[in-house]
Every structure is written in structure tokens, then in C-alpha cells.
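Novice: What follows is a structure written as C-alpha cells; I'll ask about it next.
The values are calculated or read from the model by the stated rules, or taken from the named source; none is laboratory data. What you see is a predicted model, and the numbers here were worked out from it, not measured in a lab. Neighbour counts run over all protein chains shown; Cβ positions are idealised from the backbone, glycine included. Each accessible area value is taken on the protein alone, full model and side chains, heavy atoms only, with ligands, DNA and RNA left out. Shrake-Rupley method; radii C 1.70, N 1.55, O 1.52, S 1.80 Å.
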Amino acid sequence: MQEPLIIPCVDIQSGRAVRLFEGDPDRETVYFDSPLDAARHWVGLGAGLVHLVDLDAATGRGENRAVIAQITQELGVPVEVGGGIRSREAAEELLRLGVDRVVIGTAAVKQPELVRELIAAHGPERVVVSLDARGLEVATHGWAQGSGVMVADLTPTLADAGLETLIFTDVTRDGTLRGLNRDLMAQVRRLWMNTLIVGGGVANLDDVRLLREEHIEGAIVGRAIYEGTLPFPAVLD
């Protein structure tokens, strides 16, 4: 297995690059006024893929499509985008803007047939599903609601739909720098044998070692690289 891939995350709220504490849109830290500057910063340090989240779209407060379009046009590396993509039209609008991969969250729980349709139309390399969870219960609508659906209930359906890449985020740790929950990550690894990307609490190189030990392909990281507790690029000895 290759070394785990560390994917910088740029969360966009009200046109700025922020990080939230435990997913709460009212508990934000602004790291860059310009999300494009944030994305350029990580690409300048060697990032080959950038993960964007439209927090306003995820929470129903608005959208940041113009900013996303600018980033995809000017960045020069692949970009994946999540947040509020709850219809085929919304997903395909982003793909037309130049986004390399759309990340489906709430809709994968509420409308699993949407994932199948998008994969059939655009291929598994263009569609990612993100399951944000408290424990193994999936949270929806910008993490504000518990769905009553367990990760184990969804993974067989997603695999059958042709999904290759799954993102799993532990929302109880996201933005906290508390470190990954090893037991939870191991459970999700057993539930998903295709490409697994995780997030939620990544703090330092110990978390990257955990990824390697659990044979997890990568992590989406925000606060740890913004605040320097995890070096970027992350190099293990």
C-alpha cells in the first residue's frame, strides 16, 4: 500500500476559508479571507488534490458556486467538492464548472438511487460519497440531524451502485485536534473494502501512522495543517 494521502480541506463559508468546531457553523475560525488563496497555499506545498466544502450550501444558508468555479479554473490540480449536493442537477452543474469529483452526503442517505445514476452517467472516478457520522450513525443536513441510518446499512448498497471511494468523517472530533478514533476507524475499514478516506480530529503524525496501520488510503485534513500540528506534506519515517 502507498503511504496515506493527506488531502487539504478548504471549507467555504460566506466566501471565506474557515474551519468549524464539531461542525457548528457558528463556531468558526477564519484562516484565509480568500478560499482561492487557501487552496493555492496547499498546492504550492505539493497537494495534488484539494477538497472543498460549501458550508453554506450544506446548511441551507446560501452557496459559494462562483468561488468554487474560480478555484477549479485557476488551481491547476484536481478539486473535489461537497456540501449541499442533493440532486443530479446540482452535481452536474458542479461537474460543468470543472470540478473533478462531486461529493454526495445527505442525498446518499435520502436518495441512494442518485449515487447509482451519477456513477452510471459519469463513472466512479467522478463521484464520491461522504458519510458523516456520530459513532456509526450517519448525520445529515450539515451534521445537524441524526438520520437513524447506520453506516453498515449503507455500505452494501453503495458498493452495489458501483461506488469506489467513500469518505467517512467522525463529526464528534472534526476540527477538534483530538486525534482519530482508532476503534471507529477500524470498524469503518471493515465495512468498506474499496478506497476509504477518513476525517475527524486528525492532529499529528500519529494519526497518519494509524491510517497506515489500518490500511486506510487517506485523510481529509483541515485544522491540523492550518495550525501546524501536522506538517504538510506529512512524511513518515
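Novice: For a quick check of your reading of the model, give me the residue pairs whose first member lies in the range 146-172 and is over 13 Å from residue 198 (Cβ atoms) and of a type in the set (D, E, K, R), whose second is in a loop (DSSP other than H, G, I, E, B) and open to solvent by 10 Å² or more (accessible area, probe 1.4 Å), with beta-carbon atoms closer than 8 Å and at least 6 apart or on different chains.
Specialist: 164/194
Novice: While we're here: Give the residue that is farthest from residue 170 (Cα to Cα), with candidates limited to residues of the range 105-144 that are basic (Lys, Arg) and either out of contact with any strand residue (DSSP E or B) (no Cβ under 9 Å at 6 or more places or on another chain) or modelled with pLDDT under 90 (or both).
Specialist: Step by step, filter the range 105-144, then rank; the result is 116.
Novice: Scan 46, 84 and give me the residue that is on the phi > 0 side of the Ramachandran plot and buried (at least 22 other Cβ atoms within 10 Å of the Cβ).
Specialist: Being on the phi > 0 side of the Ramachandran plot and buried (at least 22 other Cβ atoms within 10 Å of the Cβ) holds for just one of 46, 84, which is 84.
Novice: Please pick out the residue among 216, 225 that is closer than 21 Å to residue 10 by Cα and either touching a residue at least 40 places away in the same chain (Cβ under 8 Å) or outside any loop (DSSP other than H, G, I, E, B) (or both).
Specialist: Selected residue: 225, the only one of 216, 225 that is closer than 21 Å to residue 10 by Cα and either touching a residue at least 40 places away in the same chain (Cβ under 8 Å) or outside any loop (DSSP other than H, G, I, E, B) (or both).
Novice: Within the bounds of the range 151-164, is there any residue that is assigned to a strand (DSSP E or B) and either over 16 Å from residue 115 (Cβ atoms) or in contact with a Cys (Cβ under 7 Å, 6 or more places away or on another chain) (or both)?
Specialist: No, the range 151-164 has no match at all.
Novice: Out of the range 69-99, which residues are among the aliphatic types (A, V, I, L, M) and not in a helix (DSSP H, G or I)?
Specialist: 75, 77, 79, 81, 85, 99
Novice: Assess whether residue 188 counts as being touching a strand residue (DSSP E or B) at 6+ places or on another chain (Cβ under 8 Å), assigned to a strand (DSSP E or B) and either among the aromatic types (Phe, Trp, Tyr) or at negative phi (or both).
Specialist: no
Novice: Residue by residue through the range 1-41, note down the ones that are within 19 Å of residue 201 (Cα to Cα), modelled with pLDDT of 90 or more and open to solvent by less than 80 Å² (accessible area, probe 1.4 Å).
Specialist: Across the range 1-41, the qualifying residues are 4, 6, 7, 8, 9, 10, 11, 12.
Novice: Can I ask one more? Assess whether residue 102 counts as being under 18 Å from the mean Cα position of the chain (by Cα), farther than 16 Å from residue 169 by Cβ and in a strand (DSSP E or B).
Specialist: When the stated conditions are applied, residue 102 passes them.
Novice: Considering 177, 230, 211, which residue is touching a residue at least 12 places away in the same chain (Cβ under 8 Å), open to solvent by 10 Å² or more (accessible area, probe 1.4 Å) and more than 30 Å from residue 120 (Cα to Cα)?
Specialist: 177
Novice: Pick out the one residue from 66, 107 that is farther than 24 Å from residue 221 by Cβ, of a type in the set (A, V, I, L, M, F, W, C), assigned to a helix (DSSP H, G or I) and open to solvent by 50 Å² or more (accessible area, probe 1.4 Å).
Specialist: Only one candidate passes the filter, namely 66.
Novice: Moving on. Could you give me the residue pairs with C-beta distances under 8 Å whose first residue belongs to the range 187-201 and is buried (at least 21 other Cβ atoms within 10 Å of the Cβ), whose second residue is assigned to a loop (DSSP other than H, G, I, E, B) and among the acidic types (Asp, Glu) wherever it lies, and which are 6+ apart or on separate chains?
Specialist: Matching pairs, first to second residue: 196/217; 197/217; 199/174; 200/174; 201/174.
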